[in-house]
Amino acid sequence: MNFYSNWRSLAAYRARVALALKGISHDVTEVDMLGGAHLLPEFRAVNPQAVLPALVLDDGRVLFQSMAIVEYLDEIVPAPPLLPADPAGRARVRGLALIHAADSHPLLVPRVRQYLQKDAAFDDSAIQRWVTRALTTGLQAIEVNLASSPDTGLYCHGDQVTLADLCLSSHLLAMMFFKVDASAYPVAVTIHERLQALPAFAVSHPLKQPGAPG
Ligand SMILES: N[C@@H](CCC(=O)N[C@@H](CS)C(=O)NCC(=O)O)C(=O)O
C-alpha cells in the first residue's frame, strides 16, 4: 500500500501512528502540502477532496479520511486493537477521538485558515485567537472526561492505546505547532507524554518525517 502523507498533516499523523502500531509495511509518497502540491491535478486524481492523508491499496482502491483509514487498518490487522471490546467503551473512545477529529481539528486546517485570512480579513492575531479557542475548548472537554471517568487508565481508555490516544496526541501536537499553552489540562498532557515514549508514536512524530524542519 502507498500512504500519501506530509510531515505537517495531523490527519496523516493519526494514520501514521496506526500503521506503526500495527507494523504494516507500506510505501510513503510525500506531498508538499505547505507548497500547495495537494491542490494539483496529480493529487486530486488520488483524493478528489485534495486533503491528506490517502491510502492507496495494492488493488488500486483509495482510502481517504484518517478515521476511516485507521479503522480499516484496525480491521485488517486486529492486534493491537484500537477499539475496546464493549460497545459502550467503543462509543467513549470514538467520542473522545471525534472531539478532536470532527470538532477541533477541522477548524485549524490550512484551507480554513487561508479562508479566514483572505476572505474574512482575519489578521494573525485573530487567527491565533480562533485556533486557540478551537484547541482549548476541545481539550477542556477531553480533560474533564479523562479526569472524571473510571475508564481512564494509563491511556485515554484503560491501559491499551486506542483511537482516542491517536487523536489526543494529534490535538496536543496541534497545540505545540500553534504555541497554545496546555498546562491547564494535566491529565491530557500526562497521557500525551506517556504516548510519546512509545516507539510507534516516537517514529511517527511530525518533526521526524521527511521534509520537516530540522
Ligand atoms: N477530516 C480529514 C481531514 C483532512 C485534512 O484536512 N487534512 C489536512 C492536513 S491535516 C489537509 O490536507 N489540508 C489541506 C488544506 O487544508 O488545504 C481527515 O481526518 O483525514
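Values in this text are rule-based calculations from the coordinates and carry no lab data. Model, not experiment: these values are computed from the prediction. FYI the Cβ positions are ideal-geometry reconstructions off the backbone, even for glycines, and counts take in every protein chain you see.
Summary of values
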| read-out | value |
| --- | --- |
| Distance (nanometres) between label positions extended 7 Å along Cα→Cβ at VAL109 and PHE122 | 1.5 nm |
| Calculated from backbone phi, Karplus (6.51, -1.76, 1.60) coupling profile of the stretch 67-78 in Hz, x at Gly/Pro | 5, 5, 5, 4, 5, 4, 4, 5, 7, 7, 10, x |
| Distant-in-sequence amide H partners of THR29 (H built 1.01 Å from N, under 5 Å) | PHE3, TYR4, SER5 |
| For the stretch 81-148 and the stretch 171-201, distance of Cα centres in Å | 14 Å |
| Length-normalised contact order of the chain in % [C-alpha pairs under 8 Å, at least 6 apart] | 26 percent |
| Fully extended contour minus Cα-Cα distance, from ALA212 to MET176, at 0.36 nm per residue | 11.5 nm |
| For q = 0.08, 0.10, 0.18 Å⁻¹, Debye-computed log10 I/I(0) when each Cα of the chain counts as one equal scatterer | -0.27, -0.42, -1.38 |
| Ordering of 128-141, 167-180 by burial proxy (mean other Cβ atoms within 10 Å per residue, highest first) | 167-180, 128-141 |
| Amide H contacts of LEU63 (H built 1.01 Å from N, under 5 Å, at least 5 apart or other chain) | LEU55, VAL56, LEU57 |
| Distance cut-off 14 Å, percentage of C-alpha pairs in the stretch 12-69 lying past it | 56 percent |
| Debye, to nearest 20: dipole size of the chain, +1 on Lys, Arg Cβ, -1 on Asp, Glu Cβ | 340 debye |
